[in-house]
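Only one structure is covered here, and it is reproduced in the block below.
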(Lines give C-alpha, C1' and ligand atoms only; values in the text may rest on other atoms or scores of the structure.)
Protein backbone atom coordinates (compact mmCIF):
# COMPACT_ATOMS: atom_id res chain seq x y z
CA UNK A 1 0.00 0.00 0.00
CA UNK A 2 1.31 3.43 -0.91
CA UNK A 3 1.68 5.84 2.00
CA UNK A 4 4.01 8.56 3.19
CA UNK A 5 6.36 6.08 4.91
CA UNK A 6 6.82 4.12 1.69
CA UNK A 7 7.43 7.37 -0.18
CA UNK A 8 10.04 8.54 2.32
CA UNK A 9 11.88 5.23 1.94
CA UNK A 10 11.74 5.33 -1.87
CA UNK A 11 12.89 8.97 -1.96
CA UNK A 12 15.82 8.24 0.34
CA UNK A 13 16.95 5.11 -1.51
CA UNK A 14 16.48 6.60 -4.98
CA UNK A 15 18.85 9.50 -4.25
CA UNK A 16 21.51 7.50 -2.44
CA UNK A 17 24.94 7.58 -4.11
CA UNK A 18 27.07 4.44 -3.78
CA UNK A 19 30.60 4.64 -2.42
CA UNK A 20 32.30 3.71 -5.71
CA UNK A 21 34.95 6.01 -7.14
CA UNK A 22 33.10 9.08 -8.43
CA UNK A 23 34.09 11.13 -11.45
CA UNK A 24 32.18 13.99 -12.97
CA UNK A 25 31.24 13.18 -16.54
CA UNK A 26 31.60 16.76 -17.68
CA UNK A 27 29.86 16.63 -21.05
CA UNK A 28 26.74 15.00 -19.65
CA UNK A 29 26.72 16.85 -16.33
CA UNK A 30 27.21 20.25 -17.96
CA UNK A 31 24.23 19.55 -20.22
CA UNK A 32 22.04 18.89 -17.19
CA UNK A 33 23.32 21.86 -15.18
CA UNK A 34 22.80 24.26 -18.08
CA UNK A 35 19.18 23.17 -18.37
CA UNK A 36 18.21 23.46 -14.70
CA UNK A 37 15.09 25.64 -14.47
CA UNK A 38 14.69 25.72 -18.26
CA UNK A 39 11.11 25.34 -19.43
CA UNK A 40 11.69 22.00 -21.15
CA UNK A 41 11.45 18.37 -20.10
CA UNK A 42 14.93 16.87 -19.82
CA UNK A 43 15.11 13.28 -21.11
CA UNK A 44 18.18 11.15 -20.37
CA UNK A 45 18.23 7.86 -22.28
CA UNK A 46 20.80 5.12 -22.70
CA UNK A 47 21.73 1.51 -22.08
CA UNK A 48 21.20 0.03 -18.63
CA UNK A 49 24.05 0.62 -16.17
CA UNK A 50 25.56 3.32 -18.38
CA UNK A 51 25.26 5.93 -15.62
CA UNK A 52 21.94 7.70 -16.21
CA UNK A 53 20.71 7.37 -12.62
CA UNK A 54 24.09 8.33 -11.23
CA UNK A 55 24.09 11.57 -13.23
CA UNK A 56 20.69 12.52 -11.82
CA UNK A 57 21.87 11.75 -8.30
CA UNK A 58 24.89 13.97 -8.82
CA UNK A 59 22.56 16.67 -10.11
CA UNK A 60 20.44 16.39 -6.96
CA UNK A 61 23.59 16.84 -4.84
CA UNK A 62 24.44 19.89 -6.93
CA UNK A 63 20.95 21.33 -6.38
CA UNK A 64 21.13 20.79 -2.63
CA UNK A 65 24.74 21.86 -2.04
CA UNK A 66 25.27 24.58 -4.66
CA UNK A 67 21.78 25.85 -5.42
CA UNK A 68 20.60 25.41 -1.81
CA UNK A 69 17.41 23.64 -2.86
CA UNK A 70 15.60 22.09 0.10
CA UNK A 71 15.05 18.34 0.40
CA UNK A 72 11.28 18.81 0.43
CA UNK A 73 11.45 20.33 -3.05
CA UNK A 74 12.98 17.22 -4.64
CA UNK A 75 10.74 14.40 -5.85
CA UNK A 76 13.12 11.61 -6.99
CA UNK A 77 11.62 8.21 -7.78
CA UNK A 78 13.52 5.19 -9.12
CA UNK A 79 10.88 2.86 -10.50
CA UNK A 80 13.17 -0.15 -10.17
CA UNK A 81 12.76 0.11 -6.38
CA UNK A 82 11.29 -3.12 -5.00
CA UNK A 83 8.64 -1.24 -2.98
CA UNK A 84 7.18 0.01 -6.25
CA UNK A 85 7.13 -3.33 -8.05
CA UNK A 86 3.32 -3.58 -7.99
CA UNK A 87 2.77 0.16 -8.39
CA UNK A 88 4.18 0.81 -11.86
CA UNK A 89 1.04 2.34 -13.27
CA UNK A 90 -0.33 5.79 -13.97
CA UNK A 91 -2.76 5.94 -11.04
CA UNK A 92 -0.12 5.01 -8.47
CA UNK A 93 2.38 7.45 -9.98
CA UNK A 94 -0.21 10.20 -9.56
CA UNK A 95 -0.87 9.04 -6.01
CA UNK A 96 2.85 9.14 -5.14
CA UNK A 97 3.08 12.72 -6.33
CA UNK A 98 -0.06 13.74 -4.40
CA UNK A 99 1.34 12.15 -1.21
CA UNK A 100 4.54 14.10 -1.77
CA UNK A 101 2.74 17.42 -2.22
CA UNK A 102 0.45 16.88 0.78
CA UNK A 103 3.02 15.56 3.25
CA UNK A 104 6.54 16.65 2.24
CA UNK A 105 6.50 19.68 -0.05
CA UNK A 106 6.02 23.08 1.58
CA UNK A 107 6.53 25.82 -0.99
CA UNK A 108 8.56 26.72 -4.07
CA UNK A 109 9.47 24.89 -7.27
CA UNK A 110 9.44 21.09 -7.26
CA UNK A 111 12.33 19.33 -9.02
CA UNK A 112 10.91 16.10 -10.41
CA UNK A 113 13.21 13.16 -11.22
CA UNK A 114 11.55 10.05 -12.69
CA UNK A 115 14.16 7.32 -13.11
CA UNK A 116 13.55 4.36 -15.48
CA UNK A 117 10.15 5.85 -16.28
CA UNK A 118 9.51 3.37 -19.11
CA UNK A 119 8.56 0.82 -16.43
CA UNK A 120 5.38 2.80 -15.68
CA UNK A 121 2.50 2.12 -18.03
CA UNK A 122 0.99 5.36 -19.28
CA UNK A 123 3.63 7.63 -17.73
CA UNK A 124 3.42 10.05 -20.69
CA UNK A 125 -0.01 11.25 -19.58
CA UNK A 126 1.16 12.44 -16.15
CA UNK A 127 4.36 14.03 -17.45
CA UNK A 128 2.38 15.93 -20.07
CA UNK A 129 -0.10 17.09 -17.41
CA UNK A 130 2.67 18.17 -15.04
CA UNK A 131 4.33 20.11 -17.81
CA UNK A 132 1.17 21.84 -19.04
CA UNK A 133 -0.27 22.65 -15.61
CA UNK A 134 2.97 23.24 -13.75
CA UNK A 135 4.01 26.36 -15.64
CA UNK A 136 7.25 27.35 -13.88
CA UNK A 137 6.45 25.38 -10.71
CA UNK A 138 7.94 22.07 -11.87
CA UNK A 139 11.34 21.19 -13.35
CA UNK A 140 11.12 17.72 -14.90
CA UNK A 141 13.92 15.21 -15.55
CA UNK A 142 13.24 11.66 -16.76
CA UNK A 143 15.46 8.70 -17.63
CA UNK A 144 14.82 5.51 -19.55
CA UNK A 145 16.61 2.56 -21.09
CA UNK A 146 14.86 2.75 -24.41
CA UNK A 147 15.54 4.95 -27.42
CA UNK A 148 11.81 5.08 -28.20
CA UNK A 149 11.12 6.64 -24.80
CA UNK A 150 9.71 9.65 -26.61
CA UNK A 151 6.80 8.11 -28.47
CA UNK A 152 5.60 9.93 -31.55
CA UNK A 153 2.38 10.90 -29.74
CA UNK A 154 4.23 12.27 -26.69
CA UNK A 155 6.81 14.10 -28.78
CA UNK A 156 4.23 15.72 -31.04
CA UNK A 157 2.13 16.80 -28.06
CA UNK A 158 5.15 18.49 -26.51
CA UNK A 159 6.96 19.48 -29.70
CA UNK A 160 9.80 21.87 -28.93
CA UNK A 161 9.44 21.35 -25.18
CA UNK A 162 11.62 18.27 -24.80
CA UNK A 163 15.41 17.92 -25.03
CA UNK A 164 17.12 14.54 -25.00
CA UNK A 165 20.61 13.37 -24.11
CA UNK A 166 21.94 9.84 -24.70
CA UNK A 167 24.38 8.47 -22.12
CA UNK A 168 26.92 5.79 -23.06
CA UNK A 169 29.23 3.63 -20.94
CA UNK A 170 32.58 5.20 -20.00
CA UNK A 171 34.87 6.36 -22.78
CA UNK A 172 38.54 5.41 -22.43
CA UNK A 173 39.35 8.90 -21.18
CA UNK A 174 36.67 8.57 -18.48
CA UNK A 175 38.06 5.13 -17.62
CA UNK A 176 41.49 6.71 -17.11
CA UNK A 177 40.00 9.40 -14.86
CA UNK A 178 38.17 6.71 -12.88
CA UNK A 179 41.58 5.12 -12.33
CA UNK A 180 42.92 8.52 -11.20
CA UNK A 181 44.98 9.12 -14.33
CA UNK A 182 44.57 12.32 -16.36
CA UNK A 183 45.98 12.16 -19.90
CA UNK A 184 45.31 15.40 -21.78
CA UNK A 185 48.59 16.00 -23.57
CA UNK A 186 51.12 13.84 -25.39
CA UNK A 187 53.62 14.25 -22.56
CA UNK A 188 51.04 12.85 -20.09
CA UNK A 189 50.89 9.69 -22.18
CA UNK A 190 54.64 9.20 -22.34
CA UNK A 191 55.09 9.90 -18.63
CA UNK A 192 52.54 7.18 -17.82
CA UNK A 193 52.96 4.98 -20.89
CA UNK A 194 53.14 1.60 -19.15
CA UNK A 195 50.09 2.27 -16.96
CA UNK A 196 48.09 3.75 -19.85
CA UNK A 197 48.74 0.66 -21.98
CA UNK A 198 47.76 -1.65 -19.10
CA UNK A 199 44.53 0.27 -18.57
CA UNK A 200 43.81 0.35 -22.30
CA UNK A 201 44.13 -3.42 -22.43
CA UNK A 202 41.57 -3.74 -19.61
CA UNK A 203 39.21 -1.29 -21.30
CA UNK A 204 39.73 -2.94 -24.69
CA UNK A 205 38.79 -6.37 -23.34
CA UNK A 206 36.15 -5.56 -20.72
CA UNK A 207 34.62 -2.22 -21.70
CA UNK A 208 33.37 0.80 -19.79
CA UNK A 209 30.42 -0.28 -17.63
CA UNK A 210 31.33 0.91 -14.13
CA UNK A 211 29.72 -1.94 -12.19
CA UNK A 212 32.09 -4.39 -13.86
CA UNK A 213 35.29 -2.50 -12.94
CA UNK A 214 35.64 -3.94 -9.44
CA UNK A 215 34.99 -7.54 -10.51
CA UNK A 216 37.79 -10.05 -10.90
CA UNK A 217 38.31 -11.06 -14.51
CA UNK A 218 36.86 -14.54 -14.01
CA UNK A 219 33.53 -13.00 -12.89
CA UNK A 220 33.15 -10.39 -15.63
CA UNK A 221 31.73 -12.84 -18.17
CA UNK A 222 28.96 -13.84 -15.76
CA UNK A 223 28.22 -10.18 -15.04
CA UNK A 224 27.72 -9.29 -18.71
CA UNK A 225 25.64 -12.41 -19.33
CA UNK A 226 23.43 -11.50 -16.36
CA UNK A 227 23.08 -7.88 -17.49
CA UNK A 228 22.15 -8.98 -20.99
CA UNK A 229 19.43 -11.26 -19.60
CA UNK A 230 18.03 -8.34 -17.59
CA UNK A 231 17.98 -6.12 -20.68
CA UNK A 232 16.39 -8.92 -22.67
CA UNK A 233 13.72 -9.53 -20.03
CA UNK A 234 12.86 -5.99 -18.88
CA UNK A 235 13.60 -3.81 -21.90
CA UNK A 236 12.59 -6.13 -24.72
CA UNK A 237 10.49 -9.17 -23.76
CA UNK A 238 8.24 -7.43 -21.23
CA UNK A 239 8.07 -4.10 -23.04
CA UNK A 240 7.37 -5.48 -26.51
CA UNK A 241 5.62 -8.68 -25.37
CA UNK A 242 8.00 -11.00 -27.23
CA UNK A 243 6.93 -14.65 -27.00
CA UNK A 244 9.85 -16.45 -28.61
CA UNK A 245 12.53 -15.60 -26.04
CA UNK A 246 15.15 -18.08 -27.22
CA UNK A 247 14.83 -16.86 -30.82
CA UNK A 248 15.64 -13.22 -30.03
CA UNK A 249 18.44 -14.27 -27.66
CA UNK A 250 20.02 -16.45 -30.33
CA UNK A 251 19.56 -13.72 -32.92
CA UNK A 252 21.51 -11.32 -30.70
CA UNK A 253 24.31 -13.81 -30.09
CA UNK A 254 24.47 -14.59 -33.81
CA UNK A 255 24.89 -10.89 -34.63
CA UNK A 256 27.50 -10.51 -31.89
CA UNK A 257 29.49 -13.33 -33.44
CA UNK A 258 29.51 -11.39 -36.72
CA UNK A 259 30.08 -7.89 -35.34
CA UNK A 260 31.51 -5.64 -38.02
CA UNK A 261 30.47 -8.01 -40.81
CA UNK A 262 27.96 -7.05 -43.47
CA UNK A 263 24.59 -8.65 -42.72
CA UNK A 264 21.12 -8.51 -44.20
CA UNK A 265 17.93 -9.89 -42.63
CA UNK A 266 17.76 -12.43 -45.46
CA UNK A 267 21.19 -13.94 -44.84
CA UNK A 268 20.54 -13.86 -41.09
CA UNK A 269 17.33 -15.80 -41.74
CA UNK A 270 19.21 -18.43 -43.75
CA UNK A 271 21.97 -18.78 -41.14
CA UNK A 272 19.58 -19.05 -38.19
CA UNK A 273 17.42 -21.63 -39.97
CA UNK A 274 20.46 -23.92 -40.13
CA UNK A 275 20.60 -23.85 -36.31
CA UNK A 276 16.90 -24.64 -35.94
CA UNK A 277 15.47 -21.13 -35.56
CA UNK A 278 13.03 -20.29 -38.33
CA UNK A 279 12.23 -16.58 -38.31
CA UNK A 280 10.66 -14.66 -41.17
CA UNK A 281 12.41 -11.59 -42.54
CA UNK A 282 9.70 -9.23 -41.16
CA UNK A 283 10.10 -10.82 -37.70
CA UNK A 284 13.87 -10.40 -37.92
CA UNK A 285 13.44 -6.72 -38.78
CA UNK A 286 11.14 -6.36 -35.76
CA UNK A 287 13.48 -8.16 -33.34
CA UNK A 288 16.51 -6.20 -34.54
CA UNK A 289 14.53 -2.99 -34.05
CA UNK A 290 13.78 -4.03 -30.45
CA UNK A 291 17.50 -4.64 -29.81
CA UNK A 292 18.36 -1.25 -31.29
CA UNK A 293 15.70 0.53 -29.22
CA UNK A 294 17.15 -0.98 -26.03
CA UNK A 295 20.64 0.28 -27.00
CA UNK A 296 21.87 -3.33 -27.05
CA UNK A 297 22.72 -2.93 -30.74
CA UNK A 298 23.65 -0.19 -33.19
CA UNK A 299 23.07 -0.31 -36.92
CA UNK A 300 25.46 1.07 -39.54
CA UNK A 301 24.20 1.72 -43.07
CA UNK A 302 26.12 1.34 -46.31
CA UNK A 303 27.36 4.30 -48.34
CA UNK A 304 28.16 3.37 -51.93
CA UNK A 305 31.04 5.69 -52.82
CA UNK A 306 30.61 5.02 -56.52
CA UNK A 307 26.94 6.06 -56.54
CA UNK A 308 27.25 8.50 -53.63
CA UNK A 309 24.11 6.97 -52.09
CA UNK A 310 23.06 5.41 -48.77
CA UNK A 311 21.49 1.93 -48.92
CA UNK A 312 19.23 0.18 -46.40
CA UNK A 313 19.47 -3.40 -47.65
CA UNK A 314 22.54 -4.56 -45.73
CA UNK A 315 24.05 -3.35 -42.49
CA UNK A 316 26.90 -3.69 -40.06
CA UNK A 317 26.05 -4.02 -36.38
CA UNK A 318 27.98 -2.95 -33.31
CA UNK A 319 27.56 -3.21 -29.54
CA UNK A 320 27.27 -0.57 -26.85
CA UNK A 321 30.27 -1.98 -24.95
CA UNK A 322 33.18 -4.34 -25.58
CA UNK A 323 32.36 -6.28 -22.41
CA UNK A 324 29.32 -7.79 -24.13
CA UNK A 325 31.26 -8.64 -27.26
CA UNK A 326 33.88 -10.56 -25.30
CA UNK A 327 31.38 -12.29 -23.00
CA UNK A 328 28.67 -13.27 -25.50
CA UNK A 329 30.59 -13.77 -28.74
CA UNK A 330 30.21 -17.40 -29.85
CA UNK A 331 32.94 -17.18 -32.47
CA UNK A 332 36.28 -16.55 -30.75
CA UNK A 333 38.12 -16.32 -34.07
CA UNK A 334 39.38 -12.80 -34.82
CA UNK A 335 37.90 -11.56 -31.54
CA UNK A 336 40.56 -8.85 -31.08
CA UNK A 337 39.94 -7.46 -34.56
CA UNK A 338 36.23 -7.26 -33.74
CA UNK A 339 36.91 -5.65 -30.36
CA UNK A 340 39.05 -2.97 -31.97
CA UNK A 341 36.49 -2.19 -34.67
CA UNK A 342 33.70 -2.04 -32.08
CA UNK A 343 35.81 0.27 -29.92
CA UNK A 344 36.38 2.65 -32.83
CA UNK A 345 32.68 2.63 -33.72
CA UNK A 346 31.63 3.51 -30.17
CA UNK A 347 34.20 6.30 -30.01
CA UNK A 348 32.70 7.81 -33.18
CA UNK A 349 29.17 7.26 -31.88
CA UNK A 350 29.91 9.14 -28.65
CA UNK A 351 31.08 12.12 -30.68
CA UNK A 352 27.70 12.27 -32.42
CA UNK A 353 29.13 11.83 -35.92
CA UNK A 354 27.15 10.76 -38.98
CA UNK A 355 28.75 7.36 -39.71
CA UNK A 356 28.49 4.82 -42.53
CA UNK A 357 30.54 1.96 -43.86
CA UNK A 358 31.77 2.33 -47.42
CA UNK A 359 31.39 -0.31 -50.12
CA UNK A 360 31.22 -0.35 -53.90
CA UNK A 361 29.56 -2.78 -56.32
CA UNK A 362 32.73 -4.89 -56.47
CA UNK A 363 32.84 -5.46 -52.72
CA UNK A 364 35.69 -3.06 -51.96
CA UNK A 365 35.16 -1.68 -48.50
CA UNK A 366 36.06 1.11 -46.07
CA UNK A 367 35.34 0.27 -42.42
CA UNK A 368 33.98 3.71 -41.51
CA UNK A 369 33.03 6.84 -43.43
CA UNK A 370 32.52 9.82 -41.13
CA UNK A 371 30.59 12.57 -42.88
CA UNK A 372 31.45 16.23 -42.35
CA UNK A 373 29.42 18.41 -44.72
CA UNK A 374 30.67 17.43 -48.22
CA UNK A 375 33.72 15.47 -47.04
CA UNK A 376 34.27 12.07 -45.46
CA UNK A 377 36.98 10.95 -43.07
CA UNK A 378 37.76 7.43 -44.29
CA UNK A 379 38.85 5.00 -41.56
CA UNK A 380 40.31 1.53 -41.89
CA UNK A 381 40.80 -0.57 -38.75
CA UNK A 382 43.28 -3.43 -38.38
CA UNK A 383 45.28 -4.84 -35.48
CA UNK A 384 48.55 -4.23 -37.30
CA UNK A 385 49.79 -3.20 -40.72
CA UNK A 386 52.07 -5.83 -42.25
CA UNK A 387 53.19 -7.24 -45.58
CA UNK A 388 50.10 -9.46 -45.81
CA UNK A 389 47.50 -6.70 -45.49
CA UNK A 390 49.34 -3.55 -46.59
CA UNK A 391 47.95 -3.46 -50.14
CA UNK A 392 44.43 -4.45 -49.11
CA UNK A 393 44.09 -1.84 -46.37
CA UNK A 394 45.48 1.06 -48.42
CA UNK A 395 44.09 0.24 -51.87
CA UNK A 396 40.51 0.94 -50.80
CA UNK A 397 41.47 4.50 -49.88
CA UNK A 398 42.71 4.90 -53.45
CA UNK A 399 39.49 3.49 -54.94
CA UNK A 400 37.34 5.78 -52.81
CA UNK A 401 39.36 8.83 -53.81
CA UNK A 402 38.89 7.97 -57.50
CA UNK A 403 35.15 8.40 -57.00
CA UNK A 404 35.57 11.89 -55.56
CA UNK A 405 35.15 10.88 -51.91
CA UNK A 406 37.18 13.74 -50.48
CA UNK A 407 38.56 13.87 -46.96
CA UNK A 408 41.23 12.56 -44.63
CA UNK A 409 42.38 8.91 -44.68
CA UNK A 410 43.06 7.24 -41.32
CA UNK A 411 44.43 3.76 -40.73
CA UNK A 412 44.01 2.73 -37.09
CA UNK A 413 46.03 -0.10 -35.54
CA UNK A 414 46.97 -1.28 -32.04
CA UNK A 415 50.46 0.12 -32.42
CA UNK A 416 51.24 3.21 -30.32
CA UNK A 417 53.22 5.19 -32.88
CA UNK A 418 51.86 7.63 -35.46
CA UNK A 419 53.24 8.04 -38.96
CA UNK A 420 52.26 9.45 -42.32
CA UNK A 421 52.07 7.01 -45.23
CA UNK A 422 52.33 8.02 -48.88
CA UNK A 423 50.65 5.49 -51.16
CA UNK A 424 49.64 5.90 -54.81
CA UNK A 425 48.95 9.58 -54.51
CA UNK A 426 46.83 9.56 -51.35
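Worth a mention:
- Residues of the range 54-70 that turn out to be touching a residue at least 12 places away in the same chain (Cβ under 8 Å) and more than 24 Å from residue 351 (Cβ to Cβ), as a count: 8
- Test result for residue 196, over 21 Å from residue 319 (Cβ atoms), outside any helix (DSSP H, G or I) and without any contact (Cβ under 8 Å) to a residue 40 or more places away in the chain: no
- Residue in the range 219-237 that is over 20 Å from the mean Cα position of the chain (by Cα), in the same structural domain as residue 347 (by TED's automatic domain parsing) and more than 27 Å from residue 289 (Cα to Cα) present: yes
Conditions tested, residue by residue: (1) surrounded by fewer than 19 Cβ atoms within 10 Å (Cβ to Cβ); (2) at pLDDT below 95; (3) in a loop (DSSP other than H, G, I, E, B).
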{"site": "131", "(1), (2), (3)": "no, yes, no"}
{"site": "139", "(1), (2), (3)": "no, no, no"}
{"site": "150", "(1), (2), (3)": "no, yes, yes"}
{"site": "201", "(1), (2), (3)": "yes, no, no"}
{"site": "211", "(1), (2), (3)": "yes, yes, no"}
{"site": "214", "(1), (2), (3)": "yes, yes, yes"}
{"site": "242", "(1), (2), (3)": "yes, yes, yes"}
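- Restricting the range 341-368 to residues that are assigned to a strand (DSSP E or B) and surrounded by fewer than 20 Cβ atoms within 10 Å (Cβ to Cβ), the residue that is modelled with the highest pLDDT: 354
- Of all residues making up the range 80-103, the number that are touching a residue at least 24 places away in the same chain (Cβ under 8 Å), closer than 17 Å to residue 53 by Cβ and part of a helix (DSSP H, G or I): 2
- Single residue of the range 388-409 satisfying the filter (in a loop (DSSP other than H, G, I, E, B) and modelled with pLDDT under 85) that is surrounded by the most Cβ atoms within 10 Å (Cβ to Cβ): 405
- Members of the range 259-276 that are in a loop (DSSP other than H, G, I, E, B) and out of contact with any helix residue (DSSP H, G or I) (no Cβ under 8 Å at 6 or more places or on another chain): 261, 262, 264, 274, 276
- Residue that is nearest to residue 136 (Cα to Cα), among those in the range 14-31 that are modelled with pLDDT of 95 or more and surrounded by fewer than 18 Cβ atoms within 10 Å (Cβ to Cβ): 31
- Only one entry of 378, 371, 338 meets the criterion of being over 18 Å from residue 261 (Cβ atoms), buried (at least 20 other Cβ atoms within 10 Å of the Cβ) and modelled with pLDDT of 90 or more, and that entry is 378.
- Residue count, the range 95-118 (criterion: modelled with pLDDT under 95, within 29 Å of residue 238 (Cα to Cα) and out of contact with any strand residue (DSSP E or B) (no Cβ under 7 Å at 6 or more places or on another chain)): 0
The values are calculated or read from the model by the stated rules, or taken from the named source; none is laboratory data. Computed from a prediction, not measured in an experiment: that's the story for all the values here. Don't worry about glycine lacking a Cβ; one is built from the backbone with ideal geometry, like all the others, and counts go over all protein chains shown.
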